[in-house]
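Asks: Sharing a structure with you now.
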Amino acid sequence: MAEATEISTVGTEQMAPARRAIVFGGETRNMVMGITMLGGGVAAFIAGLTDTFFAEATAWTFIAWGALFLYGDLLLATRRFIVTDEGLEISIPFRFWNRHKAWEWKNIYRMDVIIDRRNTHPKDCQIQVYHQYPGEIAIDREDRDFDSELAALIIERAGLKPDSDAVGVDLSNLPFGKSTVLTWKR
């Protein structure tokens, strides 16, 4: 899942030295909903089923929703969590706004692992990472499918301490069968 890579950043005049980073790739989602809705809307036009205003409006709605579902899946598939010595970087190249976030470790103050009662596999769980810039009121949060290696790196590098429910929890062997929120914070 994660791969260690050398990333070099380009300055204004000269090349900066390469830095070591661990990159966690995007999450895969089932794209059937988007493909089906987009295909259904296009098929209505091809089959000539859009003679009335309501039928045409419905077909356009299916096309729009199908495109939005596919775009959302594309955003998740291309999102990268990059762990460096300086902080956590989140890169989403296909997002039109805020494509890159760089959070320093000292400003990451909390991480939750959400386990639902129905979850039976770690990939079904979710990580929520909380960040707040010094002096700001707004809190940033990024959600991601659970990855034990990423969670352990965030806890270690941000200096987070386990809450009462998270004490002694092994991230590679999560407790399933009940709804639980495991929290690590400063």
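The values are calculated or read from the model by the stated rules, or taken from the named source; none is laboratory data. Just so we're clear, the structure is a prediction, and the values are computed from it rather than from any experiment. Backbone-built Cβ (ideal geometry, glycine too); neighbour counts: all protein chains shown. For the accessible areas, the whole protein counts, side chains as well, though only heavy atoms, and no ligand, DNA or RNA atoms are used. Shrake-Rupley method; radii C 1.70, N 1.55, O 1.52, S 1.80 Å.
Asks: Return the residues of the stretch 74-92 that are touching a Gly at 6+ places or on another chain (Cβ under 7 Å) and open to solvent by 60 Å² or more (accessible area, probe 1.4 Å); say none if nothing qualifies.
Replies: Across the stretch 74-92, the qualifying residue is only R80.
Asks: Something else: How many residues does the stretch 9-45 hold that are modelled with pLDDT under 95, among the hydroxyl-bearing types (S, T, Y) and open to solvent by 70 Å² or more (accessible area, probe 1.4 Å)?
Replies: Of the residues in that region, 2 qualify.
Asks: Oh, and also: Between a first residue in the stretch 175-186 that is exposed (fewer than 11 other Cβ atoms within 10 Å of the Cβ) and a second residue that is β-branched (V, I, T) and modelled with pLDDT of 90 or more, which pairs have beta carbons less than 7 Å apart while being 6 or more apart in sequence or on different chains?
Replies: S179/I115
Asks: Within the stretch 64-80, which residues are modelled with pLDDT of 95 or more and hydrophobic (A, V, I, L, M, F, W, C)?
Replies: A64, W65, A67, L68, F69, L70
Asks: Sticking with this structure for a sec: If you go through the stretch 164-172 one residue at a time, do you hit one that is surrounded by 16 or more Cβ atoms within 10 Å (Cβ to Cβ), closer than 19 Å to E27 by Cβ and not charged (D, E, K, R)?
Replies: yes
Asks: When only residues in the stretch 46-66 that are part of a helix (DSSP H, G or I) and in contact with a helix residue (DSSP H, G or I) (Cβ under 6 Å, 6 or more places away or on another chain) count, which is surrounded by the fewest Cβ atoms within 10 Å (Cβ to Cβ)?
Replies: W65
Asks: Would you confirm whether or not the stretch 93-116 contains a residue that is closer than 30 Å to P175 by Cα, aromatic (F, W, Y), in contact (Cβ under 8 Å) with a residue 60 or more places away in the chain and open to solvent by 50 Å² or more (accessible area, probe 1.4 Å)?
Replies: There is at least one residue in the stretch 93-116 that is closer than 30 Å to P175 by Cα, aromatic (F, W, Y), in contact (Cβ under 8 Å) with a residue 60 or more places away in the chain and open to solvent by 50 Å² or more (accessible area, probe 1.4 Å).
Asks: Looking at the stretch 117-139, which of its residues are over 18 Å from L171 (Cα atoms), under 18 Å from the mean Cα position of the chain (by Cα) and part of a loop (DSSP other than H, G, I, E, B)?
Replies: Selection gives Q132, I139.
Asks: Another question, then. Mind checking which residues of the stretch 128-163 are open to solvent by 80 Å² or more (accessible area, probe 1.4 Å), among the acidic types (D, E) and farther than 14 Å from F81 by Cα?
Replies: E136, E156
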